[in-house]
Every structure is written in structure tokens, then in C-alpha cells.
1. Name the single residue, out of those in segment 146-156 being touching a helix residue (DSSP H, G or I) at 6+ places or on another chain (Cβ under 9 Å) and in contact (Cβ under 8 Å) with a residue 60 or more places away in the chain, that is nearest to LYS313 (Cα to Cα).
2. In the set THR194, THR207, THR198, THR219, which member is assigned by TED's automatic domain parsing to the domain that holds HIS125 and closer than 30 Å to LYS271 by Cβ?
3. Could you tell me which of the residues ARG41, ARG21 is in contact (Cβ under 8 Å) with a residue 24 or more places away in the chain and basic (Lys, Arg)?
4. Quick one: how many residues across segment 5-34 are within 19 Å of LYS78 (Cα to Cα) and polar (S, T, N, Q)?
5. Given the condition surrounded by fewer than 18 Cβ atoms within 10 Å (Cβ to Cβ), at pLDDT below 95 and not aliphatic (A, V, I, L, M), answer yes or no: does some residue in segment 228-251 qualify?
6. Restricting segment 295-330 to residues that are without any contact (Cβ under 8 Å) to a residue 40 or more places away in the chain, outside any loop (DSSP other than H, G, I, E, B) and not assigned by TED's automatic domain parsing to the domain that holds TYR172, which is nearest to SER192 (Cα to Cα)?
7. Filter segment 96-134 down to residues that are among the acidic types (Asp, Glu), in contact (Cβ under 8 Å) with a residue 60 or more places away in the chain and farther than 15 Å from LYS78 by Cα, then give me how many there are.
8. Counting just the residues of segment 88-145 that are closer than 28 Å to MET222 by Cβ and of a type in the set (Gly, Ala, Ser), which one comes out surrounded by the most Cβ atoms within 10 Å (Cβ to Cβ)?
Amino acid sequence: MNWGIISAANIAFDEVVPAIRRSANSKPYALATKTKEKAQRFQIDNVYATYGDLLADEHVTSVYIPLPNALHHDMVIKSLKSYKNVLVEKPATISLEEMKQIAATIQETGHYFLEGFMYQYHKQHKKMRELLPLIGDIVHIKSHFSWLLENEQDIRLNSALGGGAMYDVGCYCMHAITQLIGFKPAVISMVSNTLSETDVDRTSVCTMFDKHGKMATFTCSMEMPFLDYYEIIGEQGLLKVSHSFRPDVSKSGVGIVERYNNAGDLLEQHKIQDDQYLRQIEHFEQQVDSKVSSEKNLQQSLEMSHYLEQAYKSAYKNGEFIRVENIYYA
């Protein structure tokens with residue numbers, strides 16, 4: 001599979017392009033960037049000065065889009081209409097309407113689409129699902145993802161580009177709760193510390209209730225020490241997945257899945273090492289080769305765009321609970 005990389009973003013250089021190179025069936029074939037110095041460090045043979053030139057290359061079969069969040073929508077649609085399969089960084093869009101337009105374009109073109117929540121392909125989550133029945137019916141879910149952003153010029157503080165803690169790291173918590181674990185919110189509330197002043201949330205806390213009245217909560221922040229986990233509390237115990245989203249940058253380099261009983265006793269612990277970025281590329285390759293429909297991916301991305309949009313709507317209303325509609329890909 002020949003990949004075209006749309007921009008010389010750090011995440012492309014640090015994680016995704018190396019993962020493409022680790023795959024036996026893919027290679028980074030082309031890069032689009034206007035910056036010569038950035039292009040040189042990638043060591044990719046085919047470099048284009050514009051995104052359009054890269055998309056016009058018939059040898060490029062799939063593209064990876066790590067542009068700022070607010071620019072995803074237009075580039076995804078242009079890529080699909082240029083007969084490319086698309087892997088786009090999370091969040092795929094910053095509005096439900098944008099995601100609906102992408103879904104309509106995929107219906108027209110038939111090309112493969114995937115939103116890049118790479119964490120979910122790590123084997124630790126398979127172990128979590130194996131253990132989940134042992135804790136009984138779910139009572140509560142909670143999650144946390146934070147890191148310390150010290151560069152005040154970072155694009156994640158730019159509201160026009162889709163900056164904010166919820167878009168940057170909170171979406172991982174939201175995805176794990178609603179897609180990986182399967183909790184479906186009926187209402188969402190979010191409070192943020194800086195949103196009303198700057199249109200960018202540096203820290204947000206989100207609370208969700210499903211139609212049965214069960215609750216899920218998570219905190220996301222760009223101004224706290226690095227920490228990532230989720231916990232599932234059941235009637236017969238608790239599951240905790242530590243280093244759940246970025247085990248690759250944890251001190252141990254592994255994901256840790258633990259099961260506890262109701263007394264708080266540790267019953268089992270599993271330390272699991274895997275290559276989540278490579279697994280995402282391999283999954284993408286397999287789906288494209290097998291001509292698998294993007295229907296499941298689109299359903300998840302439509303739900304995610306709706307949940308994120310409703311969460312921000314709540315934050316602008318000082319945490320008012322906002323009703324969530326059922327969104328279906330058709």
C-alpha cells in the first residue's frame with residue numbers, strides 16, 4: 001500500500017510514518033509539505049509542495065491526514081474524491097454536520113475511511129473485554145487523560161483550528177466509554193475552566209447518563225501531569241486499564257489490566273506489550289484489501305462527532321445537561 005502523508009506534522013514523523021515502515025505491506029510513498037527542512041527529515045522520495053499535487057499522484061492509494069482538527073473535513077472529502085482511502089487523525093471532524101458530509105461522500109465514492117483512534121488496537125483492550133463479564137453488570141465508568149502543555153503557541157490552544165482539551169485528549173476517554181465499552185449516553189454535561197474566555201478548554205470534566213440512569217464520567221486536561229486510564233465498576237468488582245491510551249510513552253511501555261473484587265483485593269493483573277500504531281496500519285490494510293465497508297467506522301465517527309458537539313454545547317451553557325439523539329449511518 002502506497003501512503004501519501006498530508007503535512008509534516010510531528011505525529012506523522014514520530015509515530016505514524018514509522019509504523020507504516022514497520023508494516024510488511026505498506027510504505028510511505030509521498031509527502032506534501034512546503035517546508036524543505038521538514039520534508040528532509042522524513043526521507044520520503046516523493047515530496048509535493050501542495051496537497052493537491054499529492055492527491056493527483058495515481059500511485060498513492062491511501063492517505064494519512066494529521067492536519068489541525070478544523071481542517072480535517074475538507075481534506076478528507078478532497079482525498080475521497082481523488083480516489084484515495086483515508087486515515088484521518090482523531091477527531092475526524094469538529095461538528096456532526098461535517099461528519100455527515102463525509103459519510104455522504106463515502107457513499108458516493110465507496111472508498112475506505114477510518115478515524116485514527118489508534119489506542120483501540122492495543123491487545124490490552126482485548127484482555128479487558130475478556131474479563132468484563134466477570135465483574136457483572138456495569139454500574140459506573142470513569143476515565144482520565146491529561147498532559148502538561150507548556151508551549152503557549154501550540155495549535156491546540158488555537159480555537160480557529162479546533163483546539164481544546166476535549167478535542168485533543170478527552171475524545172479518547174469519550175471513545176473508550178462509548179465505543180470500546182459500549183456505554184451510550186442519553187444526556188451529556190461538561191464544565192470547562194477556560195472555554196468562556198478563550199474558546200479553548202484547557203481542562204474539562206464530562207458527565208454522562210444513559211437511558212437507564214447509569215453514569216460515566218471523565219476528566220481531560222492539557223494542564224495536569226501525564227496520566228491516562230479508564231475504570232469499569234461492576235456489581236461484582238472492578239476493571240482498571242492503566243496506560244490505556246498511550247502505553248507506548250509510559251515508563252513501563254506496557255498496558256496494565258487489573259481486576260479487583262468488591263473488597264478492593266487485586267485478583268489478577270496482566271502487563272501487555274503491543275505496537276498500537278502498527279496494529280492500526282495493519283487493520284487499515286486488511287480492511288482495504290478485503291474491501292470491507294466503512295459502515296461500522298462511520299457509525300462510530302458519527303456518534304463521536306455528535307457526543308463531542310453536545311459536550312461543548314453543554315460547556316457553553318455552564319454544564320447544562322444536553323440531550324443526545326440517536327445517530328444512525330444510513
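The values are calculated or read from the model by the stated rules, or taken from the named source; none is laboratory data. These figures come from a predicted structure and were not determined experimentally. Positions of Cβ are backbone-derived with ideal geometry, glycine not excepted, and every protein chain shown enters the neighbour counts.
1. ARG156
2. THR219
3. The unique qualifying residue is ARG41.
4. Residues meeting the conditions: 2.
5. Within segment 228-251, one or more residues are surrounded by fewer than 18 Cβ atoms within 10 Å (Cβ to Cβ), at pLDDT below 95 and not aliphatic (A, V, I, L, M).
6. GLN299
7. The initial filter retains those residues of segment 96-134 that are among the acidic types (Asp, Glu), namely 97-98, 108, 115, 130.
Those left that are additionally in contact (Cβ under 8 Å) with a residue 60 or more places away in the chain: 98, 115.
Checking the rest, the ones that are also farther than 15 Å from LYS78 by Cα come to 115.
Number of matching residues: 1.
8. Only one residue tops the list, namely ALA92.
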